[in-house]
Amino acid sequence: MGVVVSSLRSKNMSVLCLNTLLVGLLLQSPVRAEERQGLLLNAGLSVLSDSNITRTADEISDKSAIFSPQLQFLSNVGQHKFVFDYQGDFAVYNDNSQYNYNDHELKLGAIFDHSYRINSEFKLGYQNKVEEPGSNSAQTQLSEEFNELTRKSALAKFYYGTSASNGQFVLGVDHNQQRYTNNQQSYRDLDRNKFTSTFFYRMAPKTRLLLEASVAKINYVEVSLFGAPTSDENLYLAGVEWEATAITSGTFKIGYQKKDYENERFNDIDGLSYFLDMIWKPNTYTTIKMGAERSTSESAEQDIGGFISTGYSFSLEHALSERTQLNTKYQHDKSDLTFAQNRTDKRKRITVGITHSLRTWLDINLNYGYLARSSNDEIYDFSSDTVELSLTSKFD
C-alpha cells in the first residue's frame, strides 16, 4: 500500500497529471483495439481494515479509504489505434495519517497497421507510486512512510506476419527507469534495457510453437564501496501458445536463464526458467486460471546480488447467479537468496471475495485477504489480514 506524499508534492503531481491529461485529449492520444472510441470514465471507492499495514513484526492495524479514478481516451485514425490511460489511487488512513499516499499511473500507446504483414506497437508509461510493504526481499522496517518510487518506461515492438500466419517474427525493445525518492532507497535506482526476439510457428489452427531469446542490461545508478550489482541477463526459451478449444487457452515457455555480474563480488546466476499462463473454462459459469514462473529478481538489500524466485498461482471465478460471482485466488512464491548465508523466504497470499452487480454499471465487492512471509531467518517474518468493501463502476 502506500507512501506519504507531502501536500506540496501532491499539488504538483495533480497539476502534472491534469496537464498531461489535457495534452493527451487534445492530441487525441493512443488506443486499445476492440474498445469503443472516445472518453471513458470509471472509478472505485474502497474501505479497508488491515491488521498490519506496515508488514512488520510490530504490527500496526488501521482502517483506510481509497479512491481510484480511471480515465481512458481511445481513438482510431484509419487502421491505426491510439490509447491514453490514467489510473490513480488516493488513500487516507484513519489513525496513521503519515501513511496517506497518492499513486498516479499514465500510459500512452499506439498500434500502427502498416500493411497486411507489417505492424508496429509503441507504449510510453509513467508511474509515481508507493511500493507495497513486504513485497521485496528486504527486512520490513517500521518507518514514517512507505517507500516511494517513480518508473518511466518505453516499449517498441515490430511484427512481421500476423497471429493467423504460418510464421510470425516479433522484435521488441524496451527501456525501464526506476528511481526511489525516500527512505534512503536510492541504492536501488536502476535502468534496464532489453531486446527480445520471438518466432512463432503455427502447427495447428489454434496452436503455435515459439522460440524466444532476450538480452538485457541492468545498470545501477549508485556505486558503493563494494561496487554495484550491474549485470547482463540472457534468456532462451521454447514453448507453445494454444487455444485448442473454447475450454482452454494459454502460453507455456521453458528454457535457460543466465545472469552475469560485472563485479565478481556478486555471484552469477544460471539455470532453469519457465513461465505458464493458462485459462480453463470447464463450463460457461466457471473460469480457472493457473500461473507459474521461475525467474531472477533484483535484491532490495544494499550490496547484495539478485536471486531466483519460483512461484505459482491458482484462481477461481464462479458465477453463483447472473449478478453474483465468487472469486478466490491463491499465490505462493519462494525466494532462494544465497550470499553471506543461505536464506529461503516463502510468501503466500490468499484472497476470497464476492462481487454483486447492483446495476449494469456498478459492482459491490466484499473481499478477505491473508498475506504472510516466512523465512529461515525470522527477522523477515510477517503476516496480515485484510477485509475490504468496495464499489466499482464498469462503464465500457
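The values are calculated or read from the model by the stated rules, or taken from the named source; none is laboratory data. What you see is a predicted model; the values in this text were computed from it and never measured. Backbone-built Cβ (ideal geometry, glycine too); neighbour counts: all protein chains shown.
Of (1) surrounded by fewer than 17 Cβ atoms within 10 Å (Cβ to Cβ); (2) farther than 30 Å from residue 92 by Cβ; (3) under 17 Å from the mean Cα position of the chain (by Cα), residue 151 satisfies all except one. Which?
All conditions are met except number (2).
Give the residue that is modelled with the lowest pLDDT, with candidates limited to residues of the stretch 113-145 that are buried (at least 18 other Cβ atoms within 10 Å of the Cβ) and more than 18 Å from the chain's Cα centre (by Cα).
In this case the residue turns out to be 140.
Considering the stretch 236-249 alone, what residues qualify as being assigned to a loop (DSSP other than H, G, I, E, B) and either within 22 Å of the chain's Cα centre (by Cα) or not acidic (Asp, Glu) (or both)?
Matches in the stretch 236-249: 244, 245, 246, 247.
Residues that are among the charged types (D, E, K, R), under 30 Å from residue 381 (Cα atoms) and without any contact (Cβ under 8 Å) to a residue 60 or more places away in the chain: does the stretch 79-102 have at least one?
yes
May I ask you to verify whether residue 194 is farther than 30 Å from residue 68 by Cα, surrounded by fewer than 18 Cβ atoms within 10 Å (Cβ to Cβ) and within 22 Å of the chain's Cα centre (by Cα)?
For residue 194, the condition - farther than 30 Å from residue 68 by Cα, surrounded by fewer than 18 Cβ atoms within 10 Å (Cβ to Cβ) and within 22 Å of the chain's Cα centre (by Cα) - is met.
List the pairs whose first member sits in the stretch 355-381 and is surrounded by 14 or more Cβ atoms within 10 Å (Cβ to Cβ), whose second member is in a helix (DSSP H, G or I), and whose Cβ atoms are under 9 Å apart, counting only residues at least 6 apart or on separate chains?
Short answer, once both residue conditions are applied: 373/380; 374/380.
Residues in the stretch 215-243 that are touching a residue at least 40 places away in the same chain (Cβ under 8 Å) and under 22 Å from residue 165 (Cβ atoms): how many?
The number of residues fulfilling the criteria is 1.
Cβ-Cβ distance below 6 Å, separation of 6 or more or different chains: which pairs start in the stretch 179-208 with a residue that is farther than 30 Å from residue 251 by Cβ and end on one that is among the basic types (Lys, Arg) and part of a strand (DSSP E or B)?
189/179
Mind listing whichever residues of the stretch 47-102 are of a type in the set (D, E, K, R) and either within 30 Å of residue 119 (Cα to Cα) or surrounded by 19 or more Cβ atoms within 10 Å (Cβ to Cβ) (or both)?
50, 55, 81, 85, 89 - these are the residues of the stretch 47-102 that are of a type in the set (D, E, K, R) and either within 30 Å of residue 119 (Cα to Cα) or surrounded by 19 or more Cβ atoms within 10 Å (Cβ to Cβ) (or both).
Which numbered condition in (1) surrounded by 13 or more Cβ atoms within 10 Å (Cβ to Cβ); (2) under 30 Å from residue 338 (Cα atoms); (3) touching a residue at least 12 places away in the same chain (Cβ under 8 Å) is the only one that residue 249 fails?
Here residue 249 clears every test but (2).
Collect the residues in the stretch 343-366 that are touching an Asp or Glu at 6+ places or on another chain (Cβ under 8 Å) and of a type in the set (S, T, N, Q), keeping them in residue-number order.
344, 355, 357, 365, listed by residue number.
Which one is farthest from residue 297 (Cα to Cα) among residues in the stretch 197-216 that are among the aliphatic types (A, V, I, L, M) and either under 22 Å from the mean Cα position of the chain (by Cα) or in a loop (DSSP other than H, G, I, E, B) (or both)?
Selected residue: 213.
Based on what the data block shows, is residue 257 at pLDDT 95 or above and under 23 Å from residue 131 (Cα atoms)?
So residue 257 fails the test.
Which of the residues that make up the stretch 217-235 are out of contact with any helix residue (DSSP H, G or I) (no Cβ under 7 Å at 6 or more places or on another chain), loosely packed, with under 15 Cβ neighbours inside 10 Å and either in a loop (DSSP other than H, G, I, E, B) or among the aromatic types (Phe, Trp, Tyr) (or both)?
Those that are out of contact with any helix residue (DSSP H, G or I) (no Cβ under 7 Å at 6 or more places or on another chain), loosely packed, with under 15 Cβ neighbours inside 10 Å and either in a loop (DSSP other than H, G, I, E, B) or among the aromatic types (Phe, Trp, Tyr) (or both): 223, 225, 226.
Within the set of pairs 6+ apart or on separate chains, which have a first residue in the stretch 104-120 that is closer than 11 Å to residue 81 by Cβ, a second that is among the aromatic types (Phe, Trp, Tyr), and C-beta atoms under 6 Å apart?
110/82; 110/122; 119/159
In the stretch 270-329, how many are under 21 Å from the mean Cα position of the chain (by Cα), within 30 Å of residue 190 (Cα to Cα) and of a type outside the set (D, E, K, R)?
Qualifying residue count, the stretch 270-329: 19.
Determine which member of the set 256, 187 is outside any strand (DSSP E or B) and closer than 23 Å to residue 335 by Cβ.
Step by step, each of 256, 187 is checked, and only 187 is outside any strand (DSSP E or B) and closer than 23 Å to residue 335 by Cβ.
Please go through the stretch 337-352 and give me each residue that is more than 21 Å from the chain's Cα centre (by Cα) and either assigned to a strand (DSSP E or B) or surrounded by 15 or more Cβ atoms within 10 Å (Cβ to Cβ) (or both), ordered by number.
337, 338, 339, 342, 343, 344
Give 169, 82 a once-over and let me know the one that is more than 30 Å from residue 334 (Cα to Cα) and in contact with a Phe, Trp or Tyr (Cβ under 6 Å, 6 or more places away or on another chain).
Selected residue: 169, the only one of 169, 82 that is more than 30 Å from residue 334 (Cα to Cα) and in contact with a Phe, Trp or Tyr (Cβ under 6 Å, 6 or more places away or on another chain).
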